[in-house]
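Have a look at the structure below, then the notes.
The values are calculated or read from the model by the stated rules, or taken from the named source; none is laboratory data. These numbers come from a predicted model, not from an experiment. As a convention, Cβ positions derive from the backbone with ideal geometry for all residues, glycine included, and neighbour counts pool all protein chains shown. All accessible areas refer to the heavy atoms of the entire protein, side chains included, with ligands and DNA or RNA removed. Shrake-Rupley method; radii C 1.70, N 1.55, O 1.52, S 1.80 Å.
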Amino acid sequence: CKLTVDNNAIVTIPSGYNVTLNGALTVSSGSFTLNNNSNLIQTTNVVNSGNIIVKRNTNPLMRFDYMAWASPVLNQGLLSFSPLTSISPTVRFYTFNSATNFYTTVGSPAINTATFDSGKGYLIRLPFDHPTAPAIWTGTFTGQPYNGPRLVTLANHISDPTKRFNLIGNPYPSTISIPAFASANSANIEPSIYFWIITNNAL
């Protein structure tokens, strides 16, 4: 029903496996790691404590490619998530501005302390040492895992119907059902959902 990790235990969930809990996950010592394509599924609205590690792989991408990310844990730093993404001369971490339909740089020095907001998407360029040939990059999130309802405020510029796009992301350490998400939010969103995917090393 619940899971406690202590006595410096090292718990690693392999890819393709799920951990389903009715109660909370508590990491008091040691570690709890979800590898790519493994999930922490919680069936009740309980508060977790302690940090876990969540690993997520990209598709094969090339240097200078971008990937849209959202954090499944609390207080994950943007720069600590990808410390080798360029911040000089230009910060390569972006949020989406619905009022302009353009991406906005997360400014410097704010990038040094900025964290992922729950359910908000961020466009991040791959690290500058990533291969020029297509290769997988593993993003690693560390923090208290989100659980329960997550409220994300969406921008809707009624005067201009072309400015209603929002960049959001899955805030959970598990996959979600897109049909269920669309149905549960049908009063708040249009039925079209767009997914970011890119391979373009010309930027």
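Ignoring ligands, DNA and RNA, please state the percent of accessible area on the chain from carbon and sulfur, probe 1.4 Å.
55 percent
Taking the Cα centre of segment 1-150 as origin, sum charge times position over the Cβ atoms of Lys and Arg (+1) and Asp and Glu (-1), and report the length of that vector in debye to the nearest 20.
140 debye
Rounded if a/c is under 1.5, else prolate if a/b beats b/c, else oblate: with a ≥ b ≥ c from the C-alpha gyration tensor eigenvalues square-rooted, which is segment 42-197?
oblate
By a straight-distance test (C-alpha under 17 Å), which aspartates and glutamates pair with LYS120 as possible cross-link partners, with residues fewer than eight away in the same chain excluded?
In chain and number order, there are no partners.
Could you run the Karplus curve 6.51 cos²θ - 1.76 cosθ + 1.60 with θ = phi - 60° over segment 137-145 and give me ³J(HN,Hα) per residue in whole Hz, x for Gly and Pro?
10, 9, x, 10, 9, 9, x, 6, x
In segment 1-88, what trypsin sites (Lys or Arg not before Pro) fall in a loop by DSSP, with at most 10 other Cβ atoms inside 10 Å?
Filter output for segment 1-88: empty list.
Cα gyration tensor of segment 1-40, axes a ≥ b ≥ c as square roots of the eigenvalues: rounded (a/c below 1.5), prolate (a/b > b/c) or oblate?
Note, shape of segment 1-40 comes out oblate.
Summing -39500 (n - 2.57) over the DSSP H runs of n ≥ 4 in the chain and dividing by its residue number, what mean residue ellipticity at 222 nm do you reach, to the nearest 500 deg cm²/dmol?
Estimated from H runs of four or more residues: -1000 deg cm²/dmol.
Assign one of three labels to segment 1-105, namely rounded, prolate or oblate, based on the Cα gyration tensor with a ≥ b ≥ c the square roots of its eigenvalues; rounded applies when a/c is under 1.5, prolate when it is not and a/b is larger than b/c, and oblate otherwise.
Here segment 1-105 falls in the prolate category.
Averaged per residue, what accessible area in Å² does segment 79-203 show with a 1.4 Å probe, protein chains only?
60 Å²
Where a Cα-Cα gap under 27 Å defines reach, which lysines qualify for LYS2, not counting those fewer than 8 residues away within the same chain?
Answer for LYS2, where 27 Å is the Cα cut-off: LYS55, listed by chain and number.
In nanometres, what is the gap between the two model label sites at LYS163 and ASN101, each 7 Å from Cα along Cα-to-Cβ?
According to this spin-label approximation, the distance is 1.1 nm.
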